[in-house]
Amino acid sequence: MSAPTTNIPVAIPAGASSGAPAGQANRTPRTIAGSIPGARGVAERLLHGTPGRMRLFGLLGVIAAVLLGGVSANALLASQSAVERAANNSAQVVRVQSIHVDLLRADAVATNAFLVGGLESADSRARYEGAMARVASGIAAAAAAQPADGKALGVLAERVQTYAALVEQARSNNRLGLPVGAQYLTQASTGLRADAIPIVAQVVKANEERARMEFERSNSTVQLLIGVVSLIGLVALAVWLAKRTHRYLNPSLTGAIALLLVALFVTATVITGISTATRDVSRGDYERAVALANVTTAGNDARANESLTLIKRGSGAANEAAWKTNRTAVDAGLAKTDQSAELTRSWQAYVDAHVKVRSLDNGGRWDDAVKLSTSTAPGGAATTFDAFDVAVTQDRDQAATTTVATLKDLGGSAPLVAFIVALAALAASWLIVRGVGQRIEEYR
Amino acid sequence: MSALTSTLRRRLSTLVAVAGLGVLAGCSGVTYAETQLPATTAPKPSSSAPAVAAPTCTNATQSYDPLPSLPSRGEITDASMRKIISKGYVTVGVSADTYLFGARDPFSGGIQGFDIDMARAVAKAIFGDPGKLQLRVITAGDRIPLLQDREVDMVARNMTMTCARWKDIGFSAEYYRSGQKVLVSKALPGAADLALTDLEGRRVCAPAGTTSLTKLQQVKGPVVVTAGTHTGCLVLLQQGKADAITGDDTVLAGLAAQDPNTVITSAKPITVEPYGLGLNRSDVYLARYVNRVIADLEADGEWKAIYNRWLAEPLGPAPAPPTPVYGR
């Protein structure tokens, strides 16, 4: 990022004395022969006396102009690429959160289907398979999108495979009417939460961290300080030149300074714009997408816990406690996102159904509790939960899509501006050479 | 002049090229540290508490005298029973995965088996309706704490009557007699005749908190593996994490029925396991009431009918019911 600054020394002529030995010496007429001794002689001659200093300062002025242009263009491009990376990291967060949601959704469907007893319905089987298919393709897509996640996702894929295998074993045993099926299902659900979900959470956390880092990085105005220093140097040059020559206005040099000032200003404006817009996205749609994804996962986890509580028939106190934790998470998540009144209403409808399920079960009416928990009639737990799940997923997908699309658009104009700024710096360099050259000519 | 400008120009082009490279460097080259895997918690060592020296006595199967006859609901004044009656159902701790004794029927979703029928008989006696039950699925290790905390009124979950348990809870009269045997994978050499003592170095599974586990721990040779339930042991066996399971022959029959690759060995049972319905220690009246129910079941042939319904197929037709011992 700061690469250009390291190259300054290259531009300083080798062996150039600081220009200090000005003074009386060397009043001999300039001849062609004088330049023969070589480059060193040429350099000494060029930098000698006031014209020499003018040449030296002119050269430094050009360096300052180019430096300003380079730093500005670099800052612009850096902002743009930071926003782009922020977009990619946000997209990865969304992707992995989708895996999280789908894993818990699959488990909620599998456990609830088990509760119904007998053969699961073709519909719930299709929903389970759909969720697991999305998990599989999601893991592949996520691994391709962020190589740094590759290893973790590899382990996740392995754990998911174990989960799926246990669910299938539960299912085939269940079809044979063997109680060992329930044991496999419990093992699958427990293993999913203990072994797979923590990895998903870790990957989400890592990518949130990366996105946050890039959100912060998108403001590269600090680099422009170098530009400001360059500009001050140029103004100093202009003042020195004016004093030296008693000619106050040098149109070319002034033009160069004005041009660079505009370039610096435009750069700062564009970068600040990108950074402000990025911050708006990070605090708006992005935060909303993340919060809604958390709501969806907690909701589906709650639904699975409801089924597990019933499956354990009275020994599911731990699962009911987990349900309550999930509920707190959903409530908190919904409170964080504005415009979620509709979602809150539909979540509340499910909570009401769940409370009824619990009171039936606690009242010794397990069969009725199961009926209500699996009921697809209006007001049934299945109906109300599915309605909530669909609505929250829709909202979340929308927020996620908007986030990524907005971020991708943000840096769009930066390369063009960077190009124009670079051109302006070159033009300014030329103006400086012209302006200083003019004075040298006059001095002679 | 031209010399100066050309020099400057050359320098300039070099500078621009260098700055351009710098810009390029600014665009790319962000690499992230690899995502860390969550720290794995070390697997808990299979908690096989050292075998406690079991208190010995000679009257483990001795329960309270049955009531002379079943009183009607209105006649019952005992506080514990009144609570059950006003609640409207009996809360019974059962197993949902002990095939044939207490297991969930995947087709109906209901729990059924020999133990469940015993509980239903009690509910029928109290309420006139065998369905007035709240079945609470519990693990073997839950049985005593839940009875002590009165979370359940009764436990019907293949529970062996022992002297040690009598110190914590009460029991009905013996309603079934089982014995501890071994189920092994057919893959083991000479599988059909293996006894626990032959399983040196093999991993043998028993559910935590059971008398089977205590007995297993007293046998030298086998490596003890525990699970939450017998079915949990079957899963371990099917996953290759255990070579054999020890438990009551009735339970093992249920496991063997679920996996044709296993066999209950012909070795003699190493224990006698009298099953009783578990009750709270202070519910003596309830125990006497239940003993009357059991005695009636055995007298009118209902016990044999229940036995035949569940156990005739794997174990042959019903033997005579165990002789109850009263007088505690």
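Of all residues in segment A:139-153, those satisfying the criterion of being facing chain B (nearest Cβ under 10 Å), under 12 Å from A:Ile199 (Cβ atoms) and touching a helix residue (DSSP H, G or I) at 6+ places or on another chain (Cβ under 7 Å) are A:Asp149, A:Ala152, A:Leu153. Residues that are surrounded by 24 or more Cβ atoms within 10 Å (Cβ to Cβ), within 14 Å of another protein chain (Cβ to nearest Cβ) and within 19 Å of B:Val293 (Cβ to Cβ): does segment B:52-66 have at least one? No, that holds for no residue.
Going by the conditions given, is A:Ser172 surrounded by fewer than 22 Cβ atoms within 10 Å (Cβ to Cβ), within 12 Å of chain B (Cβ to nearest Cβ) and hydroxyl-bearing (Ser, Thr, Tyr)? Yes. With respect to the stated conditions, B:Gly254 fails to be under 23 Å from the mean Cα position of the chain (by Cα), surrounded by fewer than 20 Cβ atoms within 10 Å (Cβ to Cβ), modelled with pLDDT under 90 and not assigned by TED's automatic domain parsing to the domain that holds B:Cys163.
The set of residues in segment A:364-394 being among the charged types (D, E, K, R), surrounded by fewer than 20 Cβ atoms within 10 Å (Cβ to Cβ) and either part of a helix (DSSP H, G or I) or in contact with an Asp or Glu (Cβ under 8 Å, 6 or more places away or on another chain) (or both) consists of A:Asp367, A:Asp368, A:Lys371, A:Asp386. So which residues in segment B:139-171 are assigned to a loop (DSSP other than H, G, I, E, B) and touching a residue at least 24 places away in the same chain (Cβ under 8 Å), if there are any at all? Matches in segment B:139-171: B:Thr139, B:Arg150, B:Glu151, B:Val152, B:Asp153, B:Arg157, B:Asn158, B:Met159, B:Met161, B:Thr162, B:Lys167, B:Asp168. Do the conditions hold for B:Met161, that is, is it modelled with pLDDT of 90 or more and closer than 19 Å to B:Thr271 by Cα? Taking the combined requirement at face value, the residue satisfies it. Within segment B:108-127, does at least one residue satisfy the condition of being aromatic (Phe, Trp, Tyr), in a helix (DSSP H, G or I), more than 8 Å from chain A (Cβ to nearest Cβ) and under 23 Å from B:Pro324 (Cβ atoms)? Yes, because at least one residue in segment B:108-127 is aromatic (Phe, Trp, Tyr), in a helix (DSSP H, G or I), more than 8 Å from chain A (Cβ to nearest Cβ) and under 23 Å from B:Pro324 (Cβ atoms). Report, by residue number, each residue of segment B:84-107 that is outside any loop (DSSP other than H, G, I, E, B) and in contact (Cβ under 8 Å) with a residue 60 or more places away in the chain. The answer is B:Ile84, B:Val90, B:Thr91, B:Val92, B:Gly93, B:Val94, B:Asp97, B:Thr98, B:Ala103.
Cβ-Cβ distances below 6 Å connect the following pairs, each with a first residue in segment B:229-256 that is within 13 Å of chain A (Cβ to nearest Cβ), a second residue that is polar (S, T, N, Q) and in a helix (DSSP H, G or I), and a separation of six or more residues or different chains: B:Thr231/A:Gln183; B:Gly232/A:Gln183; B:Val235/A:Gln183. For segment A:214-243, the tally of residues that are without any contact (Cβ under 8 Å) to a residue 24 or more places away in the chain and under 17 Å from the mean Cα position of the chain (by Cα) stands at 1. Selection of segment A:235-283 for residues being in contact with a Ser or Thr (Cβ under 7 Å, 6 or more places away or on another chain) and either outside any helix (DSSP H, G or I) or among the polar types (S, T, N, Q) (or both) yields A:Thr267, A:Thr272, A:Ser275, A:Thr278. Note on segment A:160-203: residues that are within 31 Å of the chain's Cα centre (by Cα) and charged (D, E, K, R) amount to 2. Against the conditions (1) over 29 Å from B:Gly113 (Cα atoms); (2) surrounded by fewer than 20 Cβ atoms within 10 Å (Cβ to Cβ), A:Thr190 satisfies every one except (1). For segment A:45-57, a residue qualifies if it is at pLDDT 75 or above and more than 14 Å from A:Ile232 (Cα to Cα), and the qualifying residues are A:Gly49, A:Thr50, A:Pro51, A:Gly52, A:Arg53, A:Met54, A:Arg55, A:Leu56.
The values are calculated or read from the model by the stated rules, or taken from the named source; none is laboratory data. Source: prediction; values computed, not measured. Don't worry about glycine lacking a Cβ; one is built from the backbone with ideal geometry, like all the others, and counts go over all protein chains shown.
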